[in-house]
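S.K.: Quick one: structure below, then a few questions.
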Amino acid sequence: MHTQNKTIIINEMDYQKLENIKFIRICWVDLNNKIRCKASSKSYILDKNDDFQCIVIGNYSMSLPTINEHLIPDIIPNNEIGAIWVVPDWKTLVKLDYLKDTAQVMAYCYQSIKGDADGVSIDTLQTIDRMIPFSLDPRGVLKRAMNDLQVNHGLQLKGSFEEEFYLFPLKPWLEEGMLKPLDFTAFASVNSLDLYHSVLSKITNALEAMNIPIEQVLKEAGPGQFEITIPYTDILVACDRHKLIHQTVKAVAYQNGFIACFLPKVFANKAGNGCHAHLSLWRDGKNIVPITSSTGTTSPLYPESGFSQESCRFVAGLLHHAKSLTAIFNPCNNSYRRLTPNSWSGGDIAWGVDNKEVFIRIPSSPSTNTKGNTNFEVKTIDHCSNPYLVMASIIYAGMHGMNDSSIQLPPLTSKVPKFFTEEEKKKYIIGYLPSNLTEALECLDSDDYLKENLGADIINSFITVKKIDIEDTKNLSLHEEVKKLIDLY
């Protein structure tokens, strides 16, 4: 943490552009992927001169249950109620296009070594040896993971998310509790893009106004289901963009008479919403994923992958920890309605080029001049997951594969796992993902490597909260789940 004075804040805010702004939301994202904030007036922040450093919140604010928010044992370290400092990361500040008087900034969370910020003077706040990152802050954990990847391997993770969501007319939902799409057209339907053109145009215009470039808008397979893709970038920026996209799609849709839903499964027999992540590893400004980046005498493990040796080892770590990662990637009961065979959700722990039915897909790269393939796709992630915690866990799992040569990497497969013979299952599949959240949490709880590297505090709190969520939703039908969660996801 570093101190920030009025001059720094004004420079970072690009004050001239924000002269019509009244409120600045200072935001954090909790373990349940809820983006929360306190909205401070711009005049208050600037009138504080050098004194404005942060806002203060309760340390339980990162780990409340999803549906019934209340304090429960073991959601905070040592069960000690206290306060934490939420410190704006001013370089993330953005003017919200859909709210003309409001700007927003992401933040990091800190705690006092003594554990409580209440009554602490500004002089004490500025003393860095009295401040430590809050152990339950997912964004802070990702920052640490990125640093570890850089220090230990000289690498940076870059990527982007596929943003899949449904759009439904708002009136039938509010009046009848029914989700009634405007269309039942097919995948990549022109007609569907025509029907939803007005609201999709306003959504994409708002995103572009906030410096989020759009690559494409696609009609997905479900009725009223769409996908927005954006270019890859540094992984922390990608996570910040991901949250802003989710927030903007829901807000602009509502303003225009629609409700947007990112839940993993909305209809039992229709396509689910994925949040697939396309990722690559970079060193010194160069993508080291392609096979051409292999150096020295070390040959790639599987040349047919188009991947360098280092990239293959990174994938090996992801497959090795796949069962544990599932709890983080798919953290609600609804998630497991999506993780079924033949749903392109990647439920089998395997990998392959252009294979959408396995945990790690290697997209072929015919449109580049690079020999080999340039990125890998993690298929199972959904929108209930916290992106910062997801990416931190991917970094640490991948580094485990790079650091430990005993972790095995199976051959690639292009075959749909459902049609494997018994012999093929033994050859290509490491195992199968947990079939429910309870099993996934058990895998995570027993994964000492991930718990040590992500931090025992955040993993223990996450598991505790998710066990409460399981109880709160265990007897709900799919429709009842949607009603409970649609405003959140």
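S.K.: Compute the semi-axes of the equivalent ellipsoid of the stretch 146-291, taking the square root of 5 times each eigenvalue of the Cα gyration tensor, and list them largest first in whole Å.
M.R.: 33, 15, 14
S.K.: Here's something else I'd like to know. Quick check on the stretch 28-72: what are the equivalent-ellipsoid semi-axes from the Cα gyration tensor, as sqrt(5λ), descending, whole Å?
M.R.: Output for the stretch 28-72: semi-axes of 28, 10, 8 Å.
S.K.: Next up: Within the set of other residues whose C-beta is less than 12 Å from the C-beta of Ala39, count the net charge using Lys and Arg as +1 and Asp and Glu as -1. Provide the component values of the computation, followed by the final result.
M.R.: Values: positive: Lys22, Arg25, Arg36, Lys38, Lys42; negative: Asp101.
Residues near Ala39 contribute +4 overall.
S.K.: For Ser364 and Thr421 in the same chain, what is the full-extension length gain: residue separation times 0.36 nm, less their Cα-Cα distance, in nm?
M.R.: Taking Ser364 through Thr421 to full extension adds about 17.9 nm, to one decimal.
S.K.: Oh, and also: If packing is taken as the mean number of other Cβ atoms within 10 Å per residue, what is the order of 146-154, 250-258, 78-86, highest first?
M.R.: Highest mean packing first, the order is 250-258, 78-86, 146-154.
S.K.: Check the straight Cα-Cα distances from Lys451 and name the aspartates and glutamates below 14 Å, setting aside those fewer than 8 residues away within the same chain.
M.R.: Filter leaves Glu442.
S.K.: Calculate I(q)/I(0) for the stretch 354-489 by the Debye formula, one identical point scatterer on each C-alpha and no solvent, and give its log10 at q = 0.17, 0.21 Å⁻¹ to two decimals.
M.R.: Treating every Cα as an identical point scatterer, log10 I(q)/I(0) equals -1.23, -1.43.
S.K.: Taking the Cβ of Ile214 as the center, what net charge do the other residues with Cβ under 12 Å away carry, scoring Lys and Arg +1 and Asp and Glu -1? Walk me through the numbers before you get to the answer.
M.R.: On the way: positive: Arg241; negative: Glu163, Glu208, Glu215, Glu227.
Summing Lys and Arg as +1 and Asp and Glu as -1 gives -3.
S.K.: With only alpha-carbon atoms counted, please give the Rg and Dmax of the stretch 171-246, in Å.
M.R.: 14.3, 43
S.K.: Right, next: When a/c reaches 1.5 or more, the comparison of a/b and b/c decides; with that in mind, is the stretch 54-115 rounded, prolate or oblate per its Cα gyration tensor? The partial results should precede the final answer.
M.R.: Working: a/c = 3.70, a/b = 1.68, b/c = 2.20.
The shape class here is oblate.
S.K.: Can you compute log10 of I(q)/I(0) for the chain with the Debye formula, treating each Cα as one identical point scatterer, at q = 0.06, 0.08, 0.13 Å⁻¹?
M.R.: -0.27, -0.49, -1.34
S.K.: Farthest toward the dipole's positive end in the chain, which of Phe226, Ser461, Cys109, given Cβ charges of +1 (Lys, Arg) and -1 (Asp, Glu) about the Cα centre?
M.R.: Farthest towards the positive end: Phe226.
S.K.: Then there's this: Given the pairs Lys22/Lys143; Lys265/Lys466; Lys171/Lys243, which span a C-alpha to C-alpha distance of over 24 angstrom in this model?
M.R.: Lys22/Lys143; Lys171/Lys243
S.K.: A further question follows. Before rounding to the nearest 500, sum -39500 (n - 2.57) across all DSSP H runs of length at least 4 in the chain and divide by the residue total; then give [θ] at 222 nm in deg cm²/dmol.
M.R.: Numbers: 17 runs with 171 residues, N = 489.
Computed mean residue ellipticity for the chain: -10500 deg cm²/dmol.
S.K.: How big is the dipole moment of the chain about its Cα centre under a simple scheme where the beta carbon of each Lys and Arg is +1, that of each Asp and Glu is -1, and everything else is neutral? Debye, nearest 20, please.
M.R.: Charge dipole, the chain, about its Cα centre: 740 debye, nearest 20.
S.K.: Another question about this same structure. Less than 12 Å Cβ to Cβ from Pro410, Lys/Arg counted +1 and Asp/Glu -1: what total charge do the surrounding residues give?
M.R.: +1
S.K.: Take peptides 102-110, 451-459, 284-292, 467-475 and line them up by average Cβ neighbours within 10 Å, highest first, as a rough protection proxy. Walk me through the numbers on the way to the answer.
M.R.: On the way: 102-110: 21.4, 451-459: 19.3, 284-292: 16.9, 467-475: 14.6.
So the order, starting with the most tightly packed, is 102-110, 451-459, 284-292, 467-475.
S.K.: For the pairs Lys219/Lys483; Lys95/Lys371; Lys100/Lys356; Lys100/Lys323, flag any whose C-alpha to C-alpha distance is greater than 32 Å. Intermediate results must be reported in sequence, preceding the final value.
M.R.: Working: Lys219/Lys483 24 Å; Lys95/Lys371 41 Å; Lys100/Lys356 41 Å; Lys100/Lys323 44 Å.
Checking Cα-Cα distances, Lys95/Lys371; Lys100/Lys356; Lys100/Lys323 exceed 32 Å.
All of the numbers you see were taken from the coordinates with simple rules; none came from a lab. Just so you know, these numbers come straight off a predicted model, no measurement behind them. With ideal geometry, Cβ positions are generated from the backbone for all residues, glycine too; neighbour counts draw on all protein chains shown.
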